[in-house]
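See below for the structure under consideration.
No value in this document is a laboratory result; all are computed from the given coordinates. Bear in mind the structure is a predicted one, so any value in this text is a computation, not a measurement. For neighbour counting, all protein chains shown are included, and Cβ atoms are generated from backbone atoms with ideal geometry for every residue, glycine included.
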Amino acid sequence: MKAMWSAASGMKNLQLEIDTISNNLANVNTTGFKGQRVEFQDIMYERMTQSDQIDNEGNPVPIEIGHGVMTSATLRDFTIGNLQQTGSQFDLAINGDHFFEVIDANGNTRYTKDGTFKIAATDAGPTLVTSDGYYVQGSDGNIVLGENVEEFTVDSLGNMLVKRTGEDTYEDLGQLTLSKFVNPAGLEAVGKNLFKETDASGAPIVGLEEGDNTEIWQGFIESSNVQVVDEMINLITAQRAYEINSKSIQTADSMLEVANNLKR
């Protein structure tokens, strides 16, 4: 009975949607988090009759029976979340499509929207890093602030300046490395608020180009773009659809029971 298998595929894929919504809700307070949504498509159809009409004979419309549903993609939404003011000079938010570039512990280039940066003591001196100690990248590589930093300033274009204790002038540290992608939805999430480049995302476009509206906001962080109300509605809808599919299985089972109990 096809109804059982079709409904089973619905329950299986709706479980994936519920898992995705749960992950979105779990990360509602994660800095720079981008919510996901599940997209579905129908499975192949079995054609019971052909659609042919010759000399006013035949069936102009075929009889087709589907075999359920499958997940086609989990699309990540890269709309900008709310920019929340923190006041920390090392907190940076990107108001635009670009990403910060960082180097992880294995030397791999990763991309993030999480600008809650810290200062770590390294062999090169105090260096700008992520919360996990990954090096934030600038035009000259790792961003080494040096000793006796009294003030750290970043303008809207990502140009960095430091003022040292006892000095009246600012020292230029170069520009933050900002990258964007033709298809950011193709980026692969690797955890710790990081993404990595894939063939689907395309190569990063490094730097700000003419016409880019991206701005750096110092003293702000970008909060999660998950809308709790929308996610709760989606969760209820998915739950109800899951229940309806389970009813389909129960109905199919009842029909089989009636057929099994037929007596001559």
Anything over 30 Å Cα to Cα? Flag those among Lys2/Lys34; Lys12/Lys113; Lys12/Lys34; Lys118/Lys196; Lys12/Lys192; Lys34/Lys118, in the order listed. Lys2/Lys34; Lys12/Lys113
Report the label-to-label distance for Gln41 and Leu262 in nanometres (one decimal), using points 7 Å from each Cα along the Cα→Cβ vector. 3.8 nm
When the C-alpha atoms of segment 148-227 are aligned to their principal axes, what extent does each axis show, in angstrom, from largest down? 50, 30, 21
Applying 1/(1 + (r/R0)^6) with R0 = 41 Å to the Cβ-Cβ distance of Gln89 and Leu16, what FRET efficiency is obtained, to the nearest 0.05? 0.45
Potential extension, Val149-Asp253 segment - 0.36 nm per residue separation minus Cα distance: 30.2 nm
Which angle from 0 to 90°, rounded to the nearest 10, does the C-alpha axis of helix 2-26 make with the longest principal axis of the chain? 20 degrees
Could you please state, rounded to a whole Å, how far the C-alpha centre of segment 127-170 is from the C-alpha centre of segment 180-232? 22 Å
With +1 at each Lys and Arg Cβ and -1 at each Asp and Glu Cβ, the charge dipole magnitude of segment 1-144 around its Cα centre, to the nearest 20 debye, comes out at 460 debye
Which FRET efficiency value, to the nearest 0.05, do you get for Ala26 and Ile65 by plugging their Cβ-Cβ distance into 1/(1 + (r/R0)^6) with R0 = 35 Å? 0.35
Can you give the Rg to Rh ratio of segment 185-259, both from alpha-carbon atoms, with Rh computed by the Kirkwood formula? 1.28
Hey, rough spin-label estimate for Arg164 and Ala241, points 7 angstrom out along Cα→Cβ, what's it come to in nanometres? 6.0 nm
Which three semi-axes in whole Å describe the equivalent ellipsoid of segment 17-173, each the square root of 5 times a Cα gyration tensor eigenvalue, listed largest first? 56, 15, 15
Report the convex hull volume per residue for segment 83-222, counting only C-alpha atoms, in Å³. 110 Å³
Of the GluC sites (Glu not before Pro) in segment 176-263, those whose Cβ has at most 13 other Cβ within 10 Å and which sit in DSSP loop: Glu209, Glu210
Over the chain, what lengths in whole Å, largest first, do the semi-axes of the equivalent ellipsoid take, defined as the square roots of 5 times the eigenvalues of the alpha-carbon gyration tensor? 55, 20, 15
Over all Cα pairs of segment 212-252, the Kirkwood radius sets Rh, and Rg/Rh then becomes 1.43
Residue-averaged [θ]222 nm for the chain, counting only DSSP H segments that reach four residues, each worth -39500 (n - 2.57): -8000 deg cm²/dmol
